[in-house]
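Heads up: the structure comes next, in structure tokens.
Read-outs: derived from the displayed coordinates by stated rules, not from any lab. All values derive from a computational prediction rather than experimental measurement. Cβ: placed from backbone, ideal geometry, glycine included. Neighbour counts: every protein chain shown.
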Amino acid sequence: MRPKAIFCTAMIIIELLVACDSVELTIAVRQVDAGWLEVSNANDTTWKDARLTIEAFESEGTARPCGEESVARWEPGQAVRVPACAEKVRFTLTTGGDTARFSYFKGQLYRRLGRREIPITQ
């Protein structure tokens with residue numbers, strides 16, 4: 001394959017990965033107690049049938065499930081308490097057919113887009 005064809009193919013794959021995640025959904029995270037985090041709806045809209053999956057990110061690059069919260073009606077600003085099961089915690093939020101992925105590490109929230117993590121100011 002020619003370099004231009006490889007580049008175009010890579011860009012299409014990246015666009016497909018990013019298109020799967022919603023940038024509309026936003027959360028806020030804060031440490032409340034040792035071993036616990038509060039995750040809140042940082043949007044201006046109410047989410048219905050929201051599911052938040054929590055994973056512990058391990059140092060060798062693997063993730064293991066460590067919790068899940070289902071909220072029938074998640075109001076703006078409303079928080080749920082979840083375990084801080086590792087130094088770096090990953091979140092997957094699904095609601096209304098949309099999915100958004102985040103990670104939280106050392107007090108900083110990141111939006112995960114493919115393999116990239118982009119800092120979010122809270």
Rough spin-label spacing in nm, given labels placed 7 Å along Cα→Cβ, for PHE105 and ALA34: 2.4
Cut-off 19 Å, label 7 Å out along Cα→Cβ of GLU24, residues of region 37-74 by amide N: 41-52, 71-74
Footprinting exposure proxy for PHE105, PHE57 (fewest neighbouring C-beta atoms within 10 Å first): PHE105, PHE57
Under-5 Å amide H pairs with LEU37, H placed in peptide plane, nonlocal only: VAL32, VAL82, ALA84
